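Values quoted throughout were computed directly from the atomic coordinates according to the rules given, and no laboratory measurement underlies them. Quick caveat, the model's predicted, so the values are computed rather than measured. Cβ atoms come from the backbone with ideal geometry, glycine included; neighbour counts cover every protein chain shown.
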Amino acid sequence: MTSQGHSSDKTVRASLDNLLRIFTVPEAPESTLGRLDQSISQNMAGFLQQHIVAEEIDLAEIEQDFTDTEIPESALLVSEQTDFLLEKVVAQSVHTSSPSFVGHMTSALPYFMIPLSKIMIALNQNLVKTETSKAFTPLERQVLGMLHRLVYGNDEAFYQRWLHDAHQHLGAFCSGGTIANITALWAARNRAFGPDGEFRGIAEEGVYAAFKHYGCEGGAVLVSERGHYSLSKAADVLGLGRAGLVAVETDDLNRIRPEALQAKIAELKAQGIRPFGLVGIAGTTETGHIDPLDTLADIAEEHQLHFHVDGAWGGPTLFSEKYRGRLAGIERADSVTIDAHKQLYVPMGVGLVLFKDPAALNSIEHHAQYIIRQGSKDLGSNTLEGSRPGMAMLVHSALKIIGRRGYQLLIDQGIEKAAAFARMIDAHPEFELITEPELNILTYRWCPPEARALLEGAGSDQAAEQRTELNELLNRSTRYLQKTQREHGRAFVSRTRLTPKRYDGQPIVVFRAVLANPLTTEAVLREILIEQVEIAKDAALAPVRQQIERLCQT
């Protein structure tokens, strides 16, 4: 590619020949992009450590590099754009694969994902239709069958019958858990308010006509108060309104209370609102807890509700022979969400939803004459998204290369590492464990010994007021500790807000640790606590520490 202008000009002349080159001629191995490609492929961890800046830079400062909205008339050299990305984007990205990044549901990826991702991108298949995906279509169906079998455990004859049937679907691939949850509740809504006599169904006539025909004031889906925000989006998108997602009280272990659920169902029916869906959670986002799925399946059956399990996080626990019993009842769900980009260890973003009944997705089927025609095996007829990449290839590869036993080891070590971290926190005089891990997520906070003594003291009215004030001070401390540790750049633990029963529902700010990265060790976790203790000594926090001490002495 030829440059124009003086020697410092980094643009190239726009010509058809130059444009064709970027579609047909690869970058040379010794070029900037070629060397970058080799560095990532040969040593991904080393590349990330070398290029990602540790210290936090304020987002407002980073934004200054992205203020120009003019599309350049002359094209940049590939090397120039690569240098820009390295300096301004890669350097200010989050090192999500770091062993000390334990704040969110991301992890290190297997090395084989890089070259396989290149194949997927180079092929550029579109899973909306077989004309643009060919072998990727049966491959995606196979992956859905593999995970369907993990959840539902049907016999070989079932999968031979339904796996590649043009009119039935064991599930759908999506870009993530949000679309998967929307798809599940979309199908549930369309079946609950389906065609009946002259009424052509909610999909054809809309929610107003559907509610009128079925003699109700509205529809509702029930979920615990720990339900993921994607469910609220689903209620909004499906025309139920956000009030149509009804939150149910949880117990001390952040699990839905069945008796409260039964009361809420009765209350809705008395108001003329028709509940049609019930969501159980297999691994809540904030605390990793699991609803009593078997009991929820009973309640769903009693009230003829579509029972959906949001297993975006915890679904892969089914790989573990030791811990899969914690998900007992998931096999009774009408649909199940799993996020492959979480504990199946594939890149962002791919999720999927599985259906017990292979005909369930027919309720949302759409067709067009130029594409996804009636009777074809085109996958786009039963997915909310149209054009989709062939991410199933990466999930297929992960399932084959890691295997059941490999995933079992990953799941087991994550759960056991969380239990070890909980013991570490419990034994430390300056921390309080807020939620015990059921899977591999736990919450805790900084709480010095004198504060702990006051919080555990006798329950007079004055002591209750003191505890409330103390918790507010500890909330301020936890926010400061979490933000400062993130800015130091050596470790990252997220934070959230819970309402523990032990503090009468008072909002408590807590650290949230997610332990899915196999590279995270107990030594790394000890260092995280050591750093938090050191940050607690900061001069900026001194006034709060003094207030805590005075309160505890009264």
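Dividing the convex hull volume of the alpha-carbon atoms in the range 158-289 by its residue count gives 144 Å³ per residue.
With Rh defined as the Kirkwood radius, the inverse of the mean 1/r over Cα pairs, the Rg/Rh of the range 97-219 is 1.08. A simple spin-label model places pseudo-atoms 7 Å from Cα toward Cβ; at ASP357 and GLN81 they are separated by 4.9 nm.
Structure shown: which of LYS264/LYS483; LYS233/LYS356; LYS356/LYS417; LYS269/LYS342 lie over 27 Å apart, alpha-carbon to alpha-carbon? Intermediate results must be reported in sequence, preceding the final value.
Values: LYS264/LYS483 39 Å; LYS233/LYS356 24 Å; LYS356/LYS417 33 Å; LYS269/LYS342 37 Å.
From the list (LYS264/LYS483; LYS233/LYS356; LYS356/LYS417; LYS269/LYS342), the Cα-Cα distance tops 27 Å for LYS264/LYS483; LYS356/LYS417; LYS269/LYS342.
Centre-to-centre separation between the Cα atoms of the range 165-179 and those of the range 376-448: 21 Å.
Taking only the C-alpha atoms of the range 208-282, Rg followed by Dmax gives 12.5, 41 Å.
Full extension of the chain between LYS269 and GLN546 yields a length gain of 94.4 nm, computed as 0.36 nm times the residue separation minus the alpha carbon distance. The slack between THR295 and TYR229, meaning 0.36 nm per residue of separation minus the straight C-alpha distance, is 21.4 nm.
Would you calculate a helix-derived [θ] at 222 nm for the chain, using -39,500 (n - 2.57) for each DSSP H run of n ≥ 4 and dividing by the full residue count, to the nearest 500? Mind dumping the intermediate values first?
Details: 19 runs with 237 residues, N = 554.
Result for the chain, helices only: -13500 deg cm²/dmol.
Of the chymotrypsin sites (Phe, Trp or Tyr not before Pro) found in the range 104-183, those in coil by DSSP whose Cβ has at most 14 other Cβ atoms within 10 Å are TYR111, PHE112. Cα convex hull, the range 266-347: 105 Å³ per residue, rounded to a whole number.
Working note: Karplus 6.51/-1.76/1.60 with θ = phi - 60° gives the range 91-106 the couplings 4, 10, 8, 8, 7, 5, 8, 4, x, 9, 8, 10, x, 9, 8, 10 Hz, where Gly and Pro are set to x. The alpha-carbon of LYS88 sits under 21 angstrom from the alpha-carbons of these lysines, leaving out residues fewer than 8 places away in its chain: LYS10. Among 122-132, 496-506, the peptide with the highest mean count of other Cβ atoms within 10 Å heads the list, and the full ranking is 122-132, 496-506.
Nearest 0.05, what FRET efficiency do ASN124 and ARG526 give at R0 = 41 Å with Cβ-Cβ as r? Show your work: numbers first, answer last.
Values: r = 46 Å, r/R0 = 1.12.
The value I calculate is 0.35.
For LYS212, the aspartates and glutamates whose Cα comes closer than 16 Å to its Cα, not counting residues fewer than 8 places off in the same chain, are ASP196, GLU198, GLU204.
Projected label points at ARG479 and THR69, each 7 Å from Cα along the beta carbon direction, are separated by 3.3 nanometres.
In debye, nearest 20: dipole of the chain around its Cα centre with unit charges on the Cβ of K, R (+) and D, E (-)? Let's see the in-between values first.
On the way: 54 positive and 70 negative charges, 213 e Å.
Charge dipole of the chain: 1020 debye, to the nearest 20.
By the rule of a C-alpha distance below 19 Å, with chain neighbours fewer than 8 residues away ignored, the lysines paired with LYS377 are LYS129, LYS134.
With the Cα gyration tensor of the chain giving a ≥ b ≥ c as the square roots of its eigenvalues, does the rule (a/c under 1.5 for rounded; else a/b larger than b/c for prolate; else oblate) give rounded, prolate or oblate?
Numbers: a/c = 1.80, a/b = 1.05, b/c = 1.72.
The shape class here is oblate.
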